[in-house]
Structures are given as structure tokens and as C-alpha cells.
1. Look through segment 295-308, keep the residues that are in contact (Cβ under 8 Å) with a residue 40 or more places away in the chain and in a helix (DSSP H, G or I), and return whichever of them is surrounded by the fewest Cβ atoms within 10 Å (Cβ to Cβ).
2. Scan segment 322-338 for residues that are under 15 Å from residue 12 (Cα atoms) and surrounded by 14 or more Cβ atoms within 10 Å (Cβ to Cβ) and jot them down.
3. If you go through segment 56-69, how many residues are surrounded by 16 or more Cβ atoms within 10 Å (Cβ to Cβ), touching a residue at least 40 places away in the same chain (Cβ under 8 Å) and under 19 Å from the mean Cα position of the chain (by Cα)?
4. Is there a residue being surrounded by fewer than 24 Cβ atoms within 10 Å (Cβ to Cβ), in contact with a helix residue (DSSP H, G or I) (Cβ under 8 Å, 6 or more places away or on another chain) and closer than 30 Å to residue 82 by Cα anywhere in segment 177-189?
5. Any chance you could count how many residues in segment 319-339 are more than 23 Å from the chain's Cα centre (by Cα) and farther than 25 Å from residue 43 by Cα?
6. Of the residues 187, 136, 115, which is farther than 27 Å from residue 275 by Cα and in a helix (DSSP H, G or I)?
7. Just a yes or no: is a residue in segment 12-31 part of a helix (DSSP H, G or I), over 21 Å from residue 206 (Cβ atoms), at pLDDT 90 or above and over 14 Å from the mean Cα position of the chain (by Cα)?
């Protein structure tokens, strides 16, 4: 049962990154691909019906984590308290910027909220990537299961590392580039004309930036966290996830060249899904590894709820998950199609 819930949490987090990732990416490119107010309204209209629904998956994943692995929830929310509060404020600022932008007909008002929207989106991508880097690298877990991390120490991964070191910065930059591509592909899918062409150009340029970053994290991750190699040696079938990610990454460029917007966007989804599943597979059975004493790592067995509770929870989780999934499918189908540059949007 703990392994099943590990997979469920991983799937929900991956779903959140894929879904909310494209509207975060749309925010990152917002000021660069849109050259006038009409185009900026079109970018916002492309995510307007779905962005808040996408964030529900983050809440659902957090609630599932709290139910299934309360020990991990308590430890990580304590150790990453500052970073989590910053992420919360960035999420709030993004929502406010989207909702408040059109309340006044003023160029200064619009520009102010456009900058807030783009800046919060950019920082969120970096913080999410840095958080993933910390989880993969490990944290200094004490005997009581808790830990404290300084913002930075010597910028080197190891027992004395802080939240920021060269590895977590590398993952943060990689996340920024990946979500920029993801968002640009979504905007290209939902728009046409010059706005679509500029979005495709951004995705194409950042693809070539992403290529060396993917190669770099593929090499350095195995050096920073030896558990990854051990897990793939123990479960060789897990190689399907890196292969899935690689096929999605190559597919992005191929479908961009053929101007197949939907296929390119779905390839980006596959790329991100493969990356996150590779990380989860590599860390299993660890939920949060210790970068000091490996025996102190938080595993699916050591921090999970009792098996009886997990079994009962599954009866509640399945219909709730199905309902949320059905709602998401309905919204995306209902608002399918292009948005016009002259659309009033949000």
C-alpha cells in the first residue's frame, strides 16, 4: 500500500507540473512574445479558463501527501518553510495579477500587473526546479526525522549544503527553460498569426538551450545522488522513463518543424512526465534521502500511514480523483480551440 500511494503522489505531482507548467510558462514568455495589449490579452485568454483549475492539482497532491505520508509532510514543510512561503506568495501574486489586470482601463495598470505576472511565473519555475534539486540531492535529516537548511553555505552539494548550491541552481535553470518551452508551445497551440509564430520561435530557440542542460543534469545527478544509479540497476525496467523523456524531447523539435502544434505540445508533456518519473523511480523507496547518514532517509515504509488507513483512504481517493479528472477533461474540451488576438480575455 505505501508503494501504491507513492505512485499516486508522484502521478499527481507530475500532473500538476504538466498542467500548471504551461500556464507558468505562458507567464514567463508573456512580456516577450506579446507586443501589444491585444496580444497580451490573448496570452492570458489562452490560460484563463484553466489556470486556477490546474493549481487544484497542487492542493490535491499536498493533501494526498499529508494523508499517506504524514512524517514526510511534517519534516519537509518544516525544513523548507521559507521556500514554501515564498512559493505561496508567488502563487498569490500570479492569481492577483491575472484577476486584477483588466479591472482598470489604464496602460500603467496593465503594465504593472503584466510585470508581476511574468516575474512571479519566472521565479516559480526556478523555485520548483530548485526544490526538485534538493529532493534528489538529499537534505541533512537529523535523528528525529527533521532537518534545517540554510539558504546557502559553500554552494557545494554535500552534508553541509544549503538550499542553493551549484546542483540545485542547475536544476532550477533547467526547470525554467523546460517550462518556457512548455508554455510557448501552449500559446502556439492556442493562438495564430504573428503571436503563434513568435511563440514557436521561442520554443525552438530554448530547445537548443535545453539540450546541453538535459545532458548536464543526466550526468551530474548520478554523481550527486548515487541512489539513482542503484535504483536503476535494481529495477532495469525503469529505463523506460528516461527513454520516454528522450522521445518527447526529440518529438518537440520534429513536430515544431512540421508545424504540428498539438503533437509538439504533447511531446513536451511526455518529456516532462518522463523526467519526473525518472526522478521518482531513481529515488524509490526513498521519499526524501539524507545526504549525511543514509539510514535517516525518509522512506515509503518509515513515514507512511498505517496500512489500514491507506486501504480505507483508497476508497475515498478513487472517486474524488475520477471526479477531478472528469472536470478537467470537460473544461479542456469545452474551451478547446484558438483564442483570437482581439479576444477581450482576462
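1. So, considering only residues that are in contact (Cβ under 8 Å) with a residue 40 or more places away in the chain and in a helix (DSSP H, G or I), the one surrounded by the fewest Cβ atoms within 10 Å (Cβ to Cβ) is 307.
2. Once the filter is applied, which keeps residues that are under 15 Å from residue 12 (Cα atoms) and surrounded by 14 or more Cβ atoms within 10 Å (Cβ to Cβ), segment 322-338 yields 324, 328.
3. The total comes to 6.
4. Yes; the residues of segment 177-189 include at least one that is surrounded by fewer than 24 Cβ atoms within 10 Å (Cβ to Cβ), in contact with a helix residue (DSSP H, G or I) (Cβ under 8 Å, 6 or more places away or on another chain) and closer than 30 Å to residue 82 by Cα.
5. The total comes to 1.
6. The match here is 115.
7. So far as segment 12-31 goes, no, none of its residues is part of a helix (DSSP H, G or I), over 21 Å from residue 206 (Cβ atoms), at pLDDT 90 or above and over 14 Å from the mean Cα position of the chain (by Cα).
Every residue, every condition in (1) at pLDDT 90 or above; (2) part of a helix (DSSP H, G or I); (3) within 15 Å of residue 9 (Cα to Cα), yes or no:
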position: 41; (1), (2), (3): yes, yes, no
position: 44; (1), (2), (3): yes, yes, no
position: 49; (1), (2), (3): no, no, no
position: 52; (1), (2), (3): no, yes, no
position: 73; (1), (2), (3): no, yes, yes
position: 78; (1), (2), (3): no, yes, no
position: 82; (1), (2), (3): no, yes, no
position: 85; (1), (2), (3): yes, yes, no
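The values are calculated or read from the model by the stated rules, or taken from the named source; none is laboratory data. For clarity, every value in this text was computed on a predicted model and none was experimentally measured. Cβ atoms come from the backbone with ideal geometry, glycine included; neighbour counts cover every protein chain shown.
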